[in-house]
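Just below is one structure, and these are the notes that go with it.
The values are calculated or read from the model by the stated rules, or taken from the named source; none is laboratory data. These figures come from a predicted structure and were not determined experimentally. Cβ placement follows ideal geometry from the backbone for every residue including glycine, while neighbour counts extend to all protein chains displayed. Accessible surface areas use protein heavy atoms only, side chains included; no ligands, DNA or RNA. Shrake-Rupley method; radii C 1.70, N 1.55, O 1.52, S 1.80 Å.
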Amino acid sequence: MVDGMNGDREPGMSVLGEDECWRLLAHAEVGRLAVAVRDTPEIYPVNFVVDNRTLLFRTAEGTKLATVAVSKRVAFE
């Protein structure tokens, strides 16, 4: 991980390449979807799979789906 202020690395952390990130995601079963709802963060656990460098998860109609579709601020971990 890189400190956004000065570019220095935090002790005990390292920068992962894109290939390594996808490899690690492919072996995970649960992730967290973070979305901004009216400028308030909401975090949801989701089951997912990786398919050709695409994250796929199933959801019913509602907050997650609607927010991801229209939000400019979405993160997945």
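Heavy atoms of the protein only, probe of 1.4 Å, neighbouring chains included. What is the accessible area of E10 in Å², nearest 10? Here the residue's solvent-accessible area equals roughly 80 Å². What FRET efficiency comes out for E10 versus N47 if R0 is 35 angstrom and r is the Cβ-Cβ distance? Round to the nearest 0.05. The pair E10/N47 has a calculated efficiency of 0.70. Working from label points 7 Å from Cα in the Cα-to-Cβ sense, the T54 to E20 distance is 2.7 nm. Backbone amide hydrogens, once placed in the peptide plane, bring V46 within less than 5 Å of G31, R32, L33, excluding anything fewer than 5 places away on its chain.
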